[in-house]
Each structure stands twice: as structure tokens, then as C-alpha cells.
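K.L.:
One structure follows; several queries about it will come next.
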Number of protein chains: 4
Amino acid sequence: MVDIIEYTPTRDEYAYTFGGVAPVMRIRPGTALRLWSEDAFNFALRSTSDLSSEKVDLRFVNPQTGPFYVEGAEPGDTLAIHIVDLEPARDFGASAAIPFFGGLTSTGATAMLQEALPDTTWIYHLDRARNTVTFDGRFGDFSVDLPVEPMLGTVGVAPAAGEVRTSLVPERFGGNMDSPEVKAGATIYLGVNVEGALFSLGDGHYRQGEGEACGTAVEGAMNSTVIVDLIKGQAPAWPRFESDTHWMAVGSTRPLEDSWRVGNVEMVMWLQDLFGLHAMDAYQLLSQTSIVPIANVVDANYSVVVKVPKALLPAASAYDGIHADLRARAAGLI
Amino acid sequence: MVDIIEYTPTRDEYAYTFGGVAPVMRIRPGTALRLWSEDAFNFALRSTSDLSSEKVDLRFVNPQTGPFYVEGAEPGDTLAIHIVDLEPARDFGASAAIPFFGGLTSTGATAMLQEALPDTTWIYHLDRARNTVTFDGRFGDFSVDLPVEPMLGTVGVAPAAGEVRTSLVPERFGGNMDSPEVKAGATIYLGVNVEGALFSLGDGHYRQGEGEACGTAVEGAMNSTVIVDLIKGQAPAWPRFESDTHWMAVGSTRPLEDSWRVGNVEMVMWLQDLFGLHAMDAYQLLSQTSIVPIANVVDANYSVVVKVPKALLPAASAYDGIHADLRARAAGLI
Amino acid sequence: MVDIIEYTPTRDEYAYTFGGVAPVMRIRPGTALRLWSEDAFNFALRSTSDLSSEKVDLRFVNPQTGPFYVEGAEPGDTLAIHIVDLEPARDFGASAAIPFFGGLTSTGATAMLQEALPDTTWIYHLDRARNTVTFDGRFGDFSVDLPVEPMLGTVGVAPAAGEVRTSLVPERFGGNMDSPEVKAGATIYLGVNVEGALFSLGDGHYRQGEGEACGTAVEGAMNSTVIVDLIKGQAPAWPRFESDTHWMAVGSTRPLEDSWRVGNVEMVMWLQDLFGLHAMDAYQLLSQTSIVPIANVVDANYSVVVKVPKALLPAASAYDGIHADLRARAAGLI
Amino acid sequence: MVDIIEYTPTRDEYAYTFGGVAPVMRIRPGTALRLWSEDAFNFALRSTSDLSSEKVDLRFVNPQTGPFYVEGAEPGDTLAIHIVDLEPARDFGASAAIPFFGGLTSTGATAMLQEALPDTTWIYHLDRARNTVTFDGRFGDFSVDLPVEPMLGTVGVAPAAGEVRTSLVPERFGGNMDSPEVKAGATIYLGVNVEGALFSLGDGHYRQGEGEACGTAVEGAMNSTVIVDLIKGQAPAWPRFESDTHWMAVGSTRPLEDSWRVGNVEMVMWLQDLFGLHAMDAYQLLSQTSIVPIANVVDANYSVVVKVPKALLPAASAYDGIHADLRARAAGLI
């Protein structure tokens, strides 16, 4: 039985960057954490009459819970964050078409002269018994219940090279990848860039489509149970995920084809390691087996996940089988 | 019971373009076709010692079976191509890392000064009993059996505006989308641009990962059974697919984020039609429900598929329920 | 003294594609042509009350004068088109912000959900004595005279691989590059793809900024005097230009960085040929000497011109000095 | 007569980031500075046998001189940095094809599986009398003298939102734009994001082609004379430059077309302000007058400069004519 450290930040403990923030706590590798995180809008959208242009302060979005200083973590090491459980911490989530933010609108970077889309907020009520959130149309009376599928938009460590990035950015350090794969049962591997790694998480989503087209998911406060462990050395160049069913690598840059290239190259390297393959054979094998969902096309960088189904390949073990071990430890927690 | 027209082109009947080719046959809407198609390499790679740089003539790749003139098809109409069955027509497939072609190499468009990757051919033997193809490493002795999951890389009609495009191009007219969704059970909707539509197909894949990373799938000759039907008017701007489980739209352009945008906008429009939604509500609903696999990042345009699971939404019917009808007709064929 | 063939197409002789059109005339290499071309809008915009959404038929824009069959031209040869003189053929030019067309608006490929910008037409009156066109604001009374700097938006040959592309497309075959470098004094080198090359030109601009931001220049009918010559073999992979002052190469694809890469790789190859350089030395030399204006970011492909000033480098001669020779022949024409 | 503060940092005073570094000095608005800056390689490449893979520590490149705390500068203000004079501080510059860095090679973001280009260093000797640097081929005996045209690769302030970015990054805060327009006579306008602005500069180039194709210019230590002044409020969204001849705006993001869009939108806004134009008229006027050189396609973001020649437009004055005033003050310095 593992002890769980529970932590709910006060409002002034929220972090809005990866890097550049003092740790809220020091933890030992192997620690289980139960963390409360505020929603991406910083709880500014509570009804459909709360408009993002009026209520959301873009300097204070994606509040992070953390960072945590992981004892013994040094640059070049690998942090393994196992998602044990994600549980909605409120009875509703919110989504919004923020003016000039999102995938089907011009933005500050894809700059155009057109008028903004109508600033619109949707509120999704949560039915815990049925495990659904309800979409209610704002421009008509269409409603539909959708299954809750909790995930975390952000999980990351401090960046390399002394950089500090806002919690809107996905990059090599993880961050705002907005991938539905960051859900219960997944292990996230991130290269450590600074002493203590300085891990944080937040941006809970009660559900999200791949791509996060309008720029925001069903955003909600979240209780996240995670185990944070440390692998000495072996830092991947870009985030890797492992689940019971898939090997995964995530690329986050621009344009989107470069994100895809990054994720594929990282996965070629992982397949080489896992199966002792030559790069060309790994490239070929990947080409015939990959599942490649888009994660986001709306953040400061765009994210693509390259997945290989374990069932298609021989049994293999990464990082000395830490994922299976974490799964076992997680089972003991619940 | 529907009659099936069987057609195997002679070598000099292959088409290498969408548009610009006289039809091989006139068919009535509703016709079932059983079509043999040559593999993408034009059968030039039969062993691992056949190198693409020596054997493959890039002017004669992706040979198409067709085009077929569909009687009554006029610009603005919608061609519905239902894939009844895809069956490998040879006992092996081939894949290759063609120099300066593929996703993890510089190419003619993503031009760089580096040397090409080693020109390599892989041969996959088909085991019909087990329904597998075998990957055999070329640089080591790793082997693994992979399930056969037949799909068509190309299905298209003649382009608009008098254009003629090679069978390597995916665009509004369909073409070389290289999406694993083009498999048995799917209905492909394409806008008609010219009298008779001039539909063709080819580029059979015994299996392919999403993205087709190295540029080629497990390429093989294919026997394709399809029903070709006609919907008057209602041409979608970009290809739409329908299966028993998903509504889908495909964008094919560059960069990859533009392909994604195109697919999403097309799906917003389709959701508006299917459920009587305002564009903003459709945008929001899509954002929380979409499944977005990459199809290819290696062709003349890159392709992204935007899918919405039917199970998440109320029952709806597109084009007067033609997909269900085609499924029923297909059942009568087998 | 060279004879000049004058040719003004009738309205039904206009071509709207590169490739796919029968030649209007056969010419011998070395022929001088004086060609009239209609404006890009097909003369649909004659006053500010002519709106592009109402008057312009997008199937019939960028009408080409030609194509011309150049005797002896074979695939692999190089067509040299020397621009002797460009003279506005009307007393006004037109420009327009066509809905969902241009660089600072969403488009069919960069698809978004926003409303179109206001459909607006500007008419520029030409003052031949002062050699100016006048910009008159449509939303205020600002006016300014701008120098006439005539150029051709399109000059191209039939594409390779049996393709036919609309006259809105720039690619390896030249086409709608929309580069201000295509002006009097320049020689355009294009690889020949089909017997007779099938050269055409059009899309005259009385002036244009680099990038053609709003999608249209000061569009006007043009009288173009050109000499068309043939170099056996030596086809460049992408268009090259030569002026008295610069070596130039043009890349046209998407995204824009790929256009830039293509133009740079082509220029590395040209510098290697011109000066007997190793690729790495050519790459370095180019890096310190290039002038790189954007040509267009609004067409079916985006175009970048990579220029190297002749004055910075030793004297050199391309294609046996044909540019200097054409300059001399041109001088004899005027 | 203005006093000039001279400052040469010690090696441990170099800054490697924008933001995140304590100021080296506080200065009053209007101060003239004469600053020495180390070269981009941190003086690691002194002969052609110094290879970047062996000698260059990528954590310590583009060392910045600064940052300077400008008294009274507050978020929302505009810093005006006038480049009075740039003078090479050594008798040679260096350039290198760093493995997997540059424009015509795969990189960490445009990731591929190909081998790196040969790691190569070029040394350019400076002839002060003739004001030239000499290119000497490394793979042949080609040599050519090129004019010295000094510029600064980096000039920037601390970023917004608490971010810290390496000195390899160009963004809204300026930074590593690598634009040849940052030369003597230019005024650089940057929005202030933090108290004191925290301005720094470095990355001197003795000359550079547009695009900086190989990733590095003729890099050399530089003596820069600048006047730093402050405009209350009026912060531009993206960097603006002004010279005696041009209005300019710079976009730095990815893909390159987005950089172009950003620069164009910023210039539309500036033209609106300068001439009282409606956005659509400014868009049109810009479309016919812009000069658009690429600055870099090799850094963490790509940069495009959108220029409008002052000679084409009526006389106008930005920021109360501060550029003319700075020119006058600069004249008094020399």
C-alpha cells in the first residue's frame, strides 16, 4: 500500500508557466499524488452568459498544479508520470469559442483581417450516475449526452536551456499537448531538463475530440491521482506515452507535418530500442502499423501522437518494465 | 440479386491520371463492379533485390482501373462508391523506401541537400489462411506477422476546371488519399465535376499505417467489389465517407494543418445538414466528438480524415439513407 | 532585324490551363512575338461597382495567350523566354478583394468559419505620360499615384506527367508565379515537358507588391513582346530567371518554407554549375549573398524567388550566354 | 552632443535568453550606448579546423549584451532602438553548416532519418580598407570578396506572460529575427512587456543573405552604437522597423506563410494609423506596394519582413517623428 499525498493549491499557488516557478513541494520518486486542478478558464465561465472576451484573462489560463520537485531528478533523466485516475471535480464543464482562438478561425499567428466568430460559451452539465456530460446547443435546441472521458490537457516539466513557457505551450517538455491519450492507465515519459524536474499538471478535460477544433475542450476542475517515478538517464528527445495497448510518441511544433515528422522519428528510435531494429526496418514497420491521431491544432504548437499497437508486435519492455510495475502499484491505490 | 460486371484491364488500359483519359466502360448508376487493379509499383518490385530506383518508373505508378463513365452523372451531382469487398489478388505485397520519397526524408518539395536514405524493398508474404502478411526485416532477422486489412489508396473522379492530375494526387476529387478508411463497408461520396464523373480506383494496400510514413504501404494487386451509385446534386466540396459507425470528411492540401482545417469545415457543414445545427453549435459539437486520424503525409497533398462516431449522436440519415441501402444491396452480392 | 509575329487571341481562343489545350500557332525557336493578353478578371471588372462575386467567373480567370508550339522542343529541353517589353494595353487596371481569396483571409484551402471580407473592387487609372496608376481609396478619399511597373503574372509551359493545371497554379512548369521579376529584360528558363513545349503567357500586372497580399495585382490587359528560344537539354528542375543583374530560381509549392527550400536547392545547383562549386560551398556562398523576395502567398501554390546578384560574383555565363544574346536581339527589335 | 555609455560584457555577463536575466545596467531613455558583443558561436570557431559539432556548445550561442533596464519603461510602452553604427570588432568572421541546423537540412523540428550534411566551417577574413570579407571555398579553390554589410541578428526585449526564450528565438519581442534590415540607420520599435523593458542585442553579422540559408551568417564580434528611447504606450503587436526609406513590420512564427500573414496584418494596421485608412484600403495599398524579403527560415521561428517604400506614399510621421529625431541625434554622435 502506497501513501498518497493530497494537494489542493490555493488560488495564489497556481502556476501559469513551465519553468520559472518555485516548487510547491518536494517529493520522492515513487510518490503517489492526488491533485486538484482548476479548469483552463480559471473558473471564469460558469454560465453561458459568461463570455470569454469579458471574463477570461488570457494571462491566467491553464493554471497548473505544481510544480513538484522530484528528489534526485537530474538533466538527462526520465520522469515517468503514471495516471492512476482522473475524476471530475465539479458538476459541470465549460467550453468556449474564444475570439481569434481555435482551429477554424484566424488567430494571432494565422493572422487575417476577418471579423471574429461570435464569442460563445457552452456549459456541459455532468451526470455522475450516467457518466455523461450534456451538450446543449446555443443557437438551437439540440441536446445530446456524451460520455465523460477524462483526460489532462497539460502535463509537463521545466523546459531546457533556461526557458520558461506558458502553460498554453506544448513542446519537448510536454506541456499543453491536449492529447486524449493522457488518461487513466497511461504512463507519460518526459526528459528531465533541470534539477528536480519541476513537474506540474492541469487543464482537465471531461472530454475532448482529437484536434480540439474550437480551441477548448469540456474544461473542468479535476482530481488527478498520479504516481511520479524516476528513471535515471534515458531521456527521450520528445514525450513518450505508454499504455497497456500502445507505444506512443508525441511531436509538438509547427507546421503540423513537422509535428508528425517529430513523432514518427521519435517512434522509429523507440522501436529500434525496443526490438533491436535498424532504423530503416523500424521506419518500414512503423509505416505499416502506426495509428496517428491529431491531438491539437490550436495551441502555440500543434501536437500529433504516433501510436503503435502492442498487440501487433512481439512482447517488449521499455525502461525495465516500469509501466507494468506502475500499473500494479496503481491497483494497490484504489 | 445484382449483376456484377467484372473487369480486368490490360496493361495498356491502365490510367495514370484523374481526368484526361477516355472511359473504359459506361455503367448505369447502381452497377456493381468487380475490378482487378495492379499494384502501385506497376508490379516492378517482386523481390527484395528489385530496387525502386532501378525498377520503378515514376511516370507509371498507381495505375488506375477505369475510368468508368457513369450515365447521367453531371457536374454538381454526387457519386456514391460503396466498397463491398477488397481481396488481395496476389500472394505477396511490396513496400519500398523510394529515394527522396516518403515522410521522413527530404523530397522534391521539401527539398534539402542531404543524401537519400538507402533504397530498400520489403516483400510481405501473404498467408490467406491466417489472413496475415509477414514483415521480414532487411537489416536484421526480425519478423512479425501482421493482419491483412485491405484498403484502397486511390478512388477518385475527374477533377474540376479541366484539370488532369496524376494518380499520386489527393484533392477535392478524391484520388490518392491513402486513407485506411477506404475499406469494405465504407461509402465514398465524391462531387461530380464532368459528365459521366469518370470514376477510377487502384493502389490497393494489404495494410497501411496512418500517415503512410515511408511513402508506400504493403502494396498489392487487388480485387475490389464496389457498387457505384449516383445522387443528383448535393455535391460535397470535399470527399465525405460514411461507414456503419462514422461520418467522415477528408481534407487534402498542404500544409497539414490546412488539410485538417478543410476536413473540419466540411464536417461542420455536414453536421449542420444532418442535425439542423447552427455552424457554431456544429463547430462545438465536432470539437468534443471528433476522431482525427492522419491519412497520408507523403503524397502530392497531405490528407486528414475527420470522423464523428455515429454512436455519440442521434440517428441521422445522409443522402436519403443511401449508405444503409448500399449495405443491403452489398449483402445481396456476397 | 528580327521579324515579329503579332497575335491577339479572340475571346474563344483564350486558354485557361497549362497543358490540355491545342496550340494556337507553331513557331520556330528564336521567334519574336508581340502578344496581347486579356486581364486576369477576363475584363469583368471595369468600375468599382463591378463586384467580383457577381461579375467574375472563377472558371474563366487568368486567360492565357497561347499556347505556342515551339518546333523542335522535346522533353528535357529548356525553353528560354526573353521578355523584351511589356506595355499596358488599356488605360486602367483593376484589383479586387475577392471573397475567400487572397492572403489575409481564409480560403478554400486555409478554411475557417469566419465571414468573408467585404467584396471590393478598386480601379486604377493609368496616366501614360506620367507612367503612373492611381490608387483611389474605396472607404475614404485617400489617393496616391504609383509608378507603372509592368510584369506578367503567368508564363508557363505544359506540365509533366500528362497533367493539366489551371492558369491559377504556379509549379515546376512556371505558371502563375506572380513574381515582379517577370518584367522587361528578364529571361525565363523553363524545362520542357512535352513536344513543342506549349508555351503561353498572360495575367498582366501594371504593378504588384511582393506577395500579392490581397490576391490580385493592378490587373490589366497587356501587350507583351517576347523572344522565345530553345536550348537543347539542360532542363532545370524548377524555373530559373536571369536578368542583367541577377541569377534567380523560383520555388512554388506549400507550405511557404518548402517553396523557399526548393528555390534555394535549385540555386545551389545553378551556382555549382556556373562556378564549378561543391554543393557545400555553393550552399555557403548562397547563404551570404541571396536576395529572397516572396512572389505570391495567394495562389494554388506559394512562390519564392531566390536571387543572387551577379555583381557579387565573378563573371559567368549560363546556357552559352543566351541571355546576353537575347538582350542584343531584343535591342534590335525596338 | 550626447554622452555615450560604453559597455563590454565579461564572459560571465553574457545573457543567453530574452527574459529571465537580471539587468547589467539601468539607463535613461535617450541614452546612447556603444556595446561590444561576442559572435554567435561564442568565439568557438577561429579556423576552418574548428568544427561546430566539437567546439560549439549549443547552450551558449548567440550571447547577448545586456539586458538593459530602461527607466520608466512599462508594459504597453514602445521601445525605440536606433542603430547608429555597426562596426566589426574582429578581423574575421566565421560561418558553419552545423549538423542538423539550417535551412537545407533536416533539423530537430523538421525531423528526418537522413545523415547530416558534412560539418563544415568557413572563415571570412576582413579587409577593413576595402570593406570586404573573403569567401574561401572549403571544397575547392574558389574565392571571392564580398562587401561588409554589418547587421545585428538579435535585438529584443523580455517576452510577455513571464516567458523566457533563448536568444535563438525570434517572436513578438523581437529576438533572433536575423533580418539584414537591422543595420545602421534603422529604428527598431518593440512593445515593452515588463518593467524596464530589459533590452539586449547581439549576434553581429558582417554580412548575411536573406533567409540565412545555411543557418549562420558571417558571424563576428561587433561594436554597436545605438540610442535607446522610450515612447509611452502605443506598443505594436509585432516588431516594426523604420528607416529613411521604408516602413517595415516583421512576423516571426511557423509555418512561413503565417510569418508573412503576421507581418502583413501588422503593416495594414500601421498604414491605417499613418494615413487614416480603412483596413480594406490599407490592405489594397499594401498589396500593390510591398517589398517582402524573407529574413530567416532557420531559427526557432521563421521571419518575414514586410516593407513599404516611403517614396511611394505621402509624407507621414510615426510616433511623433521619433525616427527623424533619432537620426539627427545620431548624427551628433559620430
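K.L.:
Using only Cα atoms and rounding to the nearest 10 degrees, what angle (0 to 90) does helix D:322-331 make with the longest principal axis of chain D?
P.N.:
It works out to around 60 degrees.
K.L.:
Which one of C:Q284, C:Q208, C:Q64 has the biggest mean-square fluctuation once chain C is modelled by GNM with Cα springs under 10 Å?
P.N.:
Of C:Q284, C:Q208, C:Q64, the most mobile in the Gaussian network model is C:Q284.
K.L.:
From the label point of C:A89, set 7 Å from Cα along Cα→Cβ, how far away are the matching label points in the other copies, in nm, ordered shortest to longest?
P.N.:
With the label placed 7 Å along Cα→Cβ, C:A89 yields 5.0, 6.0, 7.1 nm.
K.L.:
Here's another thing I want to ask about it. Taking every DSSP beta bridge with both residues inside the range D:1-150, roughly what % is antiparallel (nearest 5)?
P.N.:
70
K.L.:
Here's something else I'd like to know. No solvent, one uniform scatterer per C-alpha: report log10 I(q)/I(0) for the range A:37-138 via the Debye equation at q = 0.23 1/Å, two decimals.
P.N.:
Values, matching the q order: -1.24.
K.L.:
Report the charge-dipole magnitude of the range D:240-319 in Debye, nearest 20, computed about the Cα centre from +1 at each Lys and Arg Cβ and -1 at each Asp and Glu Cβ.
P.N.:
Its charge dipole is roughly 60 debye.
K.L.:
Ordered by packing density, taken as the mean number of other Cβ atoms within 10 Å over each peptide's residues, highest first, how do C:210-220, C:273-283 rank?
P.N.:
Highest mean packing first, the order is C:210-220, C:273-283.
K.L.:
Give, to the nearest whole percent, the P(r) tail of the range D:240-319 beyond 15 angstrom, counting all Cα pairs.
P.N.:
That fraction is 52 percent.
K.L.:
Nm distances between the label at C:A129 and the same-position labels in the remaining copies, 7 Å along Cα→Cβ, shortest first?
P.N.:
Shortest to longest, the spacings are 5.5, 8.9, 9.6 nm.
K.L.:
In percent, what relative contact order does the range D:130-218 have, based on Cα pairs under 8 Å that are 6 or more apart in sequence?
P.N.:
32
K.L.:
Right, something else. Taking the Cα centroid of the range A:184-256 and of the range C:51-100, what is the distance between the two, rounded to the nearest whole Å?
P.N.:
First find each Cα centre; the distance between them is then 52 Å.
K.L.:
Put a dot 7 Å past each Cα toward the Cβ at D:R28 and D:E54; how far apart are the dots in nm?
P.N.:
Distance between label points: 5.2 nm.
K.L.:
Next question. At q = 0.15, 0.17, 0.19 Å⁻¹, what is the log10 ratio I(q)/I(0) for the range A:120-262, with the Debye formula run over Cα points and no solvent?
P.N.:
Computed log10 I(q)/I(0) values: -0.81, -1.00, -1.18.
K.L.:
Now for a different question. Under the convention of a label 7 Å out along Cα→Cβ, give the distances in nm from D:E13 to the same position in every other copy, shortest first.
P.N.:
4.2, 7.5, 8.3
K.L.:
At 7 Å along the Cα-to-beta-carbon direction for both B:I4 and C:S143, put a label point, then send me their distance in nm to one decimal.
P.N.:
7.5
K.L.:
Summing -39500 (n - 2.57) over the DSSP H runs of n ≥ 4 in the protein assembly as shown and dividing by its residue number, what mean residue ellipticity at 222 nm do you reach, to the nearest 500 deg cm²/dmol?
P.N.:
It lands at -4000 deg cm²/dmol.
K.L.:
Between chain C and chain A, with a rotation axis joining them, whose C-beta in C is nearest that axis, and what is the whole-Å distance?
P.N.:
Here the value is C:Q114, 2.
K.L.:
Just the number, please: percent antiparallel of the DSSP beta bridges in chain C, rounded to the nearest 5.
P.N.:
Percentage antiparallel, nearest 5: 90.
K.L.:
Please name whichever of B:C214, B:V250, B:V228 sits farthest to the positive end of the charge dipole of the range B:172-287, dipole taken about the Cα centre and charges placed at Cβ: Lys and Arg +1, Asp and Glu -1.
P.N.:
My answer, from the dipole projection, is B:V228.
K.L.:
Give the long-range amide H neighbours of C:A197: residues separated by 5 or more places, or on another chain, with amide H under 5 Å away, using H modelled in the peptide plane at 1.01 Å from N.
P.N.:
Amide H neighbours of C:A197: C:V70.
K.L.:
Apply the Kirkwood formula to chain A: the hydrodynamic radius equals the inverse of the mean of 1/r over all pairs of different alpha-carbon atoms; give it in Å with one decimal.
P.N.:
Every distinct Cα pair counted, the radius reaches 20.0 Å.
K.L.:
So, one more: Could you check which residue among B:S252, B:S243, B:S47 shows the biggest mean-square fluctuation in a GNM of chain B with a 10 Å Cα cutoff?
P.N.:
Evaluated over chain B, the most mobile residue of the options is B:S47.
K.L.:
Ok, one more. Round to the nearest 0.05 the FRET efficiency obtained for A:S47 and C:E74 when R0 = 60 Å and r is the Cβ-Cβ distance.
P.N.:
0.25
K.L.:
Taking each pair of different alpha-carbon atoms in the protein assembly as shown once, compute 1/r for the pair, average those values, and report the inverse of that mean as the Kirkwood hydrodynamic radius in Å to one decimal.
P.N.:
32.0
K.L.:
Along the charge dipole of chain B, which of B:I5, B:I294, B:G66 sits closest to the positive end, that is, farthest toward it, with unit charges on the beta carbon of Lys, Arg, Asp and Glu (+1, +1, -1, -1)?
P.N.:
Comparing the listed Cα positions along the dipole, B:I5 ranks first.
K.L.:
In a Gaussian network model over chain C where Cα atoms closer than 10 Å are linked, find which of C:G202, C:G108, C:G19 has the largest mean-square fluctuation.
P.N.:
Among C:G202, C:G108, C:G19, the largest GNM mean-square fluctuation belongs to C:G108.
K.L.:
I would also like to ask the following. Farthest toward the dipole's positive end in the range C:4-231, which of C:G156, C:L79, C:T107, given Cβ charges of +1 (Lys, Arg) and -1 (Asp, Glu) about the Cα centre?
P.N.:
Of the options given, the answer is C:L79.
K.L.:
At 7 Å along Cα-to-Cβ for each site, give me the label-to-label distance between A:D85 and A:D12 in nm.
P.N.:
A separation of 3.3 nm, rounded to one decimal place.
K.L.:
How big is the dipole moment of chain A about its Cα centre under a simple scheme where the beta carbon of each Lys and Arg is +1, that of each Asp and Glu is -1, and everything else is neutral? Debye, nearest 20, please.
P.N.:
300
K.L.:
Do you know the relative contact order of the range C:1-129, to the nearest whole percent, from alpha carbon pairs under 8 angstrom that are 6+ apart?
P.N.:
Relative contact order of the range C:1-129: 27 percent.
K.L.:
Let me ask something else about it. Just need the relative contact order of chain A here, percent rounded to a whole number, with Cα pairs under 8 Å and 6+ apart.
P.N.:
Answer for chain A is 23 percent.
K.L.:
Of the beta bridges DSSP finds with both residues in the protein assembly as shown, what % are antiparallel, to the nearest 5?
P.N.:
Once the DSSP bridges in the protein assembly as shown are tallied, antiparallel ones form about 90 percent.
K.L.:
Roughly how many debye, to the nearest 20, is the charge dipole of the protein assembly as shown about its Cα centre, given +1 on each Lys and Arg Cβ, -1 on each Asp and Glu Cβ, and no other charges?
P.N.:
Result for the protein assembly as shown is approximately 0 debye, rounded to the nearest 20.
K.L.:
If R0 is 41 Å, what FRET efficiency do you get for B:H278 and D:D273 from their C-beta distance, rounded to 0.05?
P.N.:
0.65
K.L.:
Once you have the Cα-Cα distance between D:A324 and D:R128, take 0.36 nm times their residue separation minus that, and quote the gain in nm to one decimal.
P.N.:
67.6 nm
Any read-out appearing in this document is the output of simple, stated calculations on the displayed coordinates, not a laboratory observation. Everything numeric here is computed off the predicted structure, so don't read it as measured data. Every residue, glycine as well, gets a Cβ built from its backbone with ideal geometry; the counts of neighbours run over all protein chains shown.
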